[in-house]
Amino acid sequence: MPNQQVIICHNFIADLENAIGDQPKDSIYILTDSHTQTLCLHLLSGNKKCANARVFNIQPGDSHKNIETLASVWQFLCDNGATRKSLLINLGGGMVTDLGGFAASTFKRGMRYINIPTTLLGAVDAAVGGKTGINFNGLKNEVGVINPAETVLIETSFFETLDHENLVSGMAEILKHALIYSREEWAKVSAFDMEKFDLKQFKPILAASIAIKEGIVEEDPREQGIRKALNFGHTVGHAFESISYEKGMPALHGYAVAWGMICELYLSHKLLGFPKDILIQAVSIIKDTYGALAISCKDYDRLFELMTHDKKNDSKEINFTLLGNIGDIRINQNASQKLIFESLDFYCDSVGL
Ligand code: GLY
């Protein structure tokens, strides 16, 4: 798989210029959604080549990450004379980089593309690592390819327009990266003041977190083994996310992952002896930052069913990535239904339900 260059920008326009290289300016295309068109696109116009690029705008939100939107991007590229030598710049959150990455990977069997994530969640997760795709047949990310962007440009000034909920949503993946990586990283990340969220102080934490993901993806780009570490918190987290939609109280992805980590840290403690003091510390950070999704024991069967349908499962068993300690990753773990329900009891008790 080709390597991906991830740049934490110090001079965005110059970094963008370098990433574009000597691409002719009439062969540059930019994909935005209506938020990033209004809030972010003007920041690219300082680059002469981008000032003349053709821009295509799609509707924001996961509900538009579908085959119709994808076809509209292909159509736009066709109508505007794109070739396999053209360049697509995806300017947006995970929805834009996933769908735009898939459009670029498949148009004329593949054209150059650059990701410029405009959400913190996108920067630490979707934009990096080459997973692209769309939702299909009611299933998330059901169709796609693994094909990394040539360059990912991380410009933190884009995050200044994010509200607190979207900042801490991205932070959940950063907490996850620290837990799967090292005690030293966890000490730094867990000490960061998420209430104030000073973006300047945050930059080195962000850079380290992205480097953790890059290192794992480089080792196992196709998720045959260690890349599954990145699924920590996500087996229960995806079930929380789905049930939050079913209950009409949609939760941001990072919130659901944070709650999922409470359950999966509990499973880690029970099955693998994950240290109790860190479990308690992590639960307290998550409770203070993310509050709670209100569930009761009446929801456990549905949550369990959602976990059994998770596409991370290779067999009938629910597949977990758990931790023996900070940085001690154990992929392909199973837990009994009784213990999973116990972990949901632990979540309810911990967040005060
Ligand atoms: N979102 C997890 C991964 O990229 O593997």
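The values are calculated or read from the model by the stated rules, or taken from the named source; none is laboratory data. Predicted model, so just to flag it, every value in this text is computed and none were measured. Quick reminder, even Gly has a Cβ in these numbers, built from the backbone with ideal geometry, and neighbours come from all protein chains shown.
Report whether or not His42 is surrounded by fewer than 16 Cβ atoms within 10 Å (Cβ to Cβ), assigned to a helix (DSSP H, G or I) and at pLDDT below 95. Considered against the rule, which asks whether it is surrounded by fewer than 16 Cβ atoms within 10 Å (Cβ to Cβ), assigned to a helix (DSSP H, G or I) and at pLDDT below 95, His42 comes out as yes. Please verify whether Asp26 is surrounded by fewer than 20 Cβ atoms within 10 Å (Cβ to Cβ) and farther than 22 Å from Asn166 by Cα, treating the condition exactly as stated. Criteria met by Asp26.
Within the set Ile286, Ile278, Ile262, the sole residue that is over 17 Å from Asp345 (Cα atoms), among the hydrophobic types (A, V, I, L, M, F, W, C), crowded, with 19+ Cβ neighbours inside 10 Å and at pLDDT 95 or above turns out to be Ile278.
The residue that is surrounded by the fewest Cβ atoms within 10 Å (Cβ to Cβ), counting only those in segment 114-170 that are of a type in the set (Gly, Ala, Ser) and more than 16 Å from the ligand (Cβ to nearest atom), is Gly138.
Go through segment 313-353 and give me each residue that's within 13 Å of Cys263 (Cβ to Cβ) and within 22 Å of the chain's Cα centre (by Cα). Within segment 313-353, Ile318, Phe320, Thr321, Leu322, Leu323 meet the criteria.
Scanning segment 184-224 for residues that are in a helix (DSSP H, G or I) and of a type in the set (Asp, Glu) returns Glu184, Glu185, Glu214, Glu218, Glu219.
Just one of the listed residues (Thr83, Thr97) is among the polar types (S, T, N, Q), at pLDDT 95 or above and surrounded by 23 or more Cβ atoms within 10 Å (Cβ to Cβ), and it is Thr97. Please work out if Asn90 is in contact with a helix residue (DSSP H, G or I) (Cβ under 6 Å, 6 or more places away or on another chain), at pLDDT 95 or above and either crowded, with 24+ Cβ neighbours inside 10 Å or over 24 Å from Ser157 (Cα atoms) (or both). Here the answer is yes, as Asn90 does meet what is asked. Looking across segment 207-238, just one residue is in contact (Cβ under 8 Å) with a residue 40 or more places away in the chain and more than 16 Å from the ligand (Cβ to nearest atom), and that is Ala207.
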